[in-house]
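**Q** Below you'll find the structure I mean.
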Amino acid sequence: MAESTVRSRPPEAVLAYPEALRGLREILFANVVMAGEIPAPTGSERRITRFLSDRFTECGLDNISLDQAGNVAGVISGRTGRRNLLVAAHVDKIWAETEDHTVSVGVGEMSGRGLADNSLGIAVLATLPLVLDELGIHLDANLILLGTTRSFGRGNLRGMRFFLENSAWEIASALCLEGIDLGRLSFSSLGMARGEIAVERAGLPGEEASPTADASVIAILSELTGAMLEIHRRGAPDTSLLIGSIEAGSGYSVAPRQGRVRFEIRSLDAARVAEVEAELAALVERLATREGTAVRLEIIARRRPGDLGRGHPLVREAGKILAALGIASRVEPSVSELAALLDRRIPSLTLGLTKGKNRHSPEESISLDPIFDGLAQLVSLLQFMDEGDFATAP
């Protein structure tokens, strides 16, 4: 069982924080816009980490550093410094540098690529020292603020994993920040295998003249995705095989010779992830036996399942804080940085900071007013984490 030495503190104290923090509105929103308009595709995060480093310097943080994985960190030194707390936000986005990153500010909302995932998380990380100052909060523990790189796709949480493997800081507990959705309460990580299946047709003698030539790669992709959807249906709801994208062709009149399917297997059971992966491997092997066809399966990222447990003091307190703010909590497993933290048995949660919509689309947007409830949630949880220590179940 999880044990706690945390002192009891009424969660209703959080109710005063949203209004008290509105004086930081202009600084916070400016940070959101600046973070939103800096392209940061996975593997090319230098500009956004420089932005964070500059904000940390302006706030007078200690030990500002950039490590070999490109992560940027700064420390708010605690009064005693006997323990270390971590607040992290991944800095990469799914969008290429060539995409339009303009942020539009409307009445009560902002819209633009990557705002919800994860420009708002970055901006809150940059503003957190000012938030604590505004509320007159001084923690006993050291607070490490960390912007992590290489979270998405082939990045495979490389930034967070590198930090945990190489940092001299021993982390007592941690919070991961995501832009949306406020009320999200992630204390478990899903087992996951993320990969790509590539299909290529070399072409056979006389195939160009065949009336079925144009359907070659498309037909194989159709058969492949149909079989994948059947695997998904058999596994639901405990195990999912999600098809993220299908690519083939470049126009109307040229038969495609290559195609690609990107997918993700998710389950709380690592054995089920392995079983579905084996099914996919057998499917690919069967399709690859066709003359003139090459089909290749590549797994580019993995996660192991982990679970802090609904009864852990950190989870219970997070639920109480959300209830005090009048926000319904929603338990949602994660495949983000939380997985790397739980792998190392560090008590951790992933939190959403506001409401939003159209995630991972060009019209991605965030609501502005609920951000202050999100900040209140974050600060109150940090105070709770600072008041005691946690021991996870053996």
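**Q** Of 121, 179, 136, 183, which residue is without any contact (Cβ under 8 Å) to a residue 60 or more places away in the chain and not charged (D, E, K, R)?
**A** 136
**Q** Let me ask something else. Go through the stretch 54-133 and tell me which strands (runs of 3 or more DSSP E), entirely inside it, have 2 or more residues that are closer than 19 Å to residue 37 by Cα and open to solvent by 10 Å² or more (accessible area, probe 1.4 Å).
**A** Answer list for the stretch 54-133: 109-111.
**Q** Quick test for you: out of 89, 13, pick the one residue that is under 30 Å from residue 323 (Cβ atoms) and at pLDDT below 95.
**A** Details: 89 fails: at pLDDT below 95.
Every option except 13 fails the conditions.
**Q** Within the stretch 284-295, can one find any residue that is in a loop (DSSP other than H, G, I, E, B), aliphatic (A, V, I, L, M) and in contact with a helix residue (DSSP H, G or I) (Cβ under 7 Å, 6 or more places away or on another chain)? Before the answer, list the steps.
**A** The initial filter retains those residues of the stretch 284-295 that are in a loop (DSSP other than H, G, I, E, B), namely 288-292.
Checking the rest, the ones that are also aliphatic (A, V, I, L, M) come to 288.
In the following step, the residues that additionally are in contact with a helix residue (DSSP H, G or I) (Cβ under 7 Å, 6 or more places away or on another chain) were identified as none.
No, the stretch 284-295 contains no residue that is in a loop (DSSP other than H, G, I, E, B), aliphatic (A, V, I, L, M) and in contact with a helix residue (DSSP H, G or I) (Cβ under 7 Å, 6 or more places away or on another chain).
**Q** How many residues does the stretch 320-349 contain that are of a type outside the set (A, V, I, L, M), closer than 25 Å to residue 16 by Cβ and in contact with a strand residue (DSSP E or B) (Cβ under 7 Å, 6 or more places away or on another chain)? Can you show your working first?
**A** Keep residues of the stretch 320-349 that are of a type outside the set (A, V, I, L, M), which gives 320, 326, 329-330, 332-334, 336-337, 343-345, 347-348.
Applying the additional criterion that residues be closer than 25 Å to residue 16 by Cβ yields 320, 326, 329-330.
If we keep only those that are in contact with a strand residue (DSSP E or B) (Cβ under 7 Å, 6 or more places away or on another chain) as well, we get 329-330.
Total satisfying the criteria: 2.
**Q** Please state which one of 159, 191, 235 is in contact with a strand residue (DSSP E or B) (Cβ under 7 Å, 6 or more places away or on another chain), more than 22 Å from residue 288 (Cβ to Cβ), open to solvent by less than 40 Å² (accessible area, probe 1.4 Å) and modelled with pLDDT of 95 or more. Step through it out loud before you land on a result.
**A** Values: 191 fails: modelled with pLDDT of 95 or more; 235 fails: modelled with pLDDT of 95 or more.
Of 159, 191, 235, the one residue that is in contact with a strand residue (DSSP E or B) (Cβ under 7 Å, 6 or more places away or on another chain), more than 22 Å from residue 288 (Cβ to Cβ), open to solvent by less than 40 Å² (accessible area, probe 1.4 Å) and modelled with pLDDT of 95 or more is 159.
**Q** A further question on this structure: For residue 320, work out the one condition from (1) of a type outside the set (Val, Ile, Thr); (2) open to solvent by 30 Å² or more (accessible area, probe 1.4 Å); (3) part of a loop (DSSP other than H, G, I, E, B) it doesn't fulfil.
**A** (3)
**Q** Taking the conditions exactly as written (surrounded by fewer than 20 Cβ atoms within 10 Å (Cβ to Cβ), more than 20 Å from residue 269 (Cα to Cα) and in contact (Cβ under 8 Å) with a residue 60 or more places away in the chain), does residue 344 satisfy them or not? Lay out the reasoning, then the answer.
**A** Details: surrounded by fewer than 20 Cβ atoms within 10 Å (Cβ to Cβ): yes; more than 20 Å from residue 269 (Cα to Cα): no; in contact (Cβ under 8 Å) with a residue 60 or more places away in the chain: yes.
So residue 344 fails the test.
**Q** Quick test for you: out of 283, 325, 297, pick the one residue that is farther than 23 Å from residue 216 by Cβ and surrounded by 16 or more Cβ atoms within 10 Å (Cβ to Cβ). Explain how you work it out, then say what you get.
**A** Values: 283 fails: farther than 23 Å from residue 216 by Cβ; 297 fails: farther than 23 Å from residue 216 by Cβ.
Selected residue: 325, the only one of 283, 325, 297 that is farther than 23 Å from residue 216 by Cβ and surrounded by 16 or more Cβ atoms within 10 Å (Cβ to Cβ).
**Q** Okay, next question. For residue 277, indicate whether it is open to solvent by 20 Å² or more (accessible area, probe 1.4 Å), modelled with pLDDT of 95 or more and either assigned to a loop (DSSP other than H, G, I, E, B) or farther than 25 Å from residue 202 by Cβ (or both). Quick ask: steps written out before the conclusion?
**A** Values: open to solvent by 20 Å² or more (accessible area, probe 1.4 Å): yes; modelled with pLDDT of 95 or more: yes; either assigned to a loop (DSSP other than H, G, I, E, B) or farther than 25 Å from residue 202 by Cβ (or both): yes.
When the stated conditions are applied, residue 277 passes them.
**Q** Say whether the condition of being touching a residue at least 12 places away in the same chain (Cβ under 8 Å) and over 28 Å from residue 184 (Cβ atoms) is met by at least one residue in the stretch 300-319. Even if it seems obvious, please write down each step before you answer.
**A** Residues of the stretch 300-319 that are touching a residue at least 12 places away in the same chain (Cβ under 8 Å), as a first pass: 300-315, 317-319.
Remaining after also requiring over 28 Å from residue 184 (Cβ atoms): none.
No, the stretch 300-319 contains no residue that is touching a residue at least 12 places away in the same chain (Cβ under 8 Å) and over 28 Å from residue 184 (Cβ atoms).
**Q** Which residues, taken from the stretch 247-270, are modelled with pLDDT under 95 and among the hydrophobic types (A, V, I, L, M, F, W, C)?
**A** 248, 254, 255, 268, 270
**Q** Of the residues that sit in the stretch 26-66 and are among the hydroxyl-bearing types (Ser, Thr, Tyr) and without any contact (Cβ under 8 Å) to a residue 40 or more places away in the chain, which one is farthest from residue 369 (Cα to Cα)? Explain how you work it out, then say what you get.
**A** First, pick out the residues of the stretch 26-66 that are among the hydroxyl-bearing types (Ser, Thr, Tyr): 42, 44, 49, 53, 57, 65.
Still in the list and also without any contact (Cβ under 8 Å) to a residue 40 or more places away in the chain: 53, 57, 65.
Numbers: 53: 27, 57: 28, 65: 32 Å.
For the stretch 26-66, the residue satisfying everything is 65.
**Q** Additional query: Name the pairs: first residue in the stretch 144-155 and touching a residue at least 40 places away in the same chain (Cβ under 8 Å), second residue open to solvent by 20 Å² or more (accessible area, probe 1.4 Å) and in a helix (DSSP H, G or I), Cβ to Cβ under 6 Å, at least 6 apart or on different chains?
**A** The qualifying pairs are 150/158.
**Q** Would you say residue 348 is modelled with pLDDT of 95 or more and hydroxyl-bearing (Ser, Thr, Tyr)? Please lay out each step first, then the result.
**A** Details: modelled with pLDDT of 95 or more: yes; hydroxyl-bearing (Ser, Thr, Tyr): yes.
In short, yes.
The values are calculated or read from the model by the stated rules, or taken from the named source; none is laboratory data. Just so we're clear, the structure is a prediction, and the values are computed from it rather than from any experiment. Quick reminder, even Gly has a Cβ in these numbers, built from the backbone with ideal geometry, and neighbours come from all protein chains shown. We work out accessible area using only protein heavy atoms, side chains counted, and drop any ligands, DNA or RNA first. Shrake-Rupley method; radii C 1.70, N 1.55, O 1.52, S 1.80 Å.
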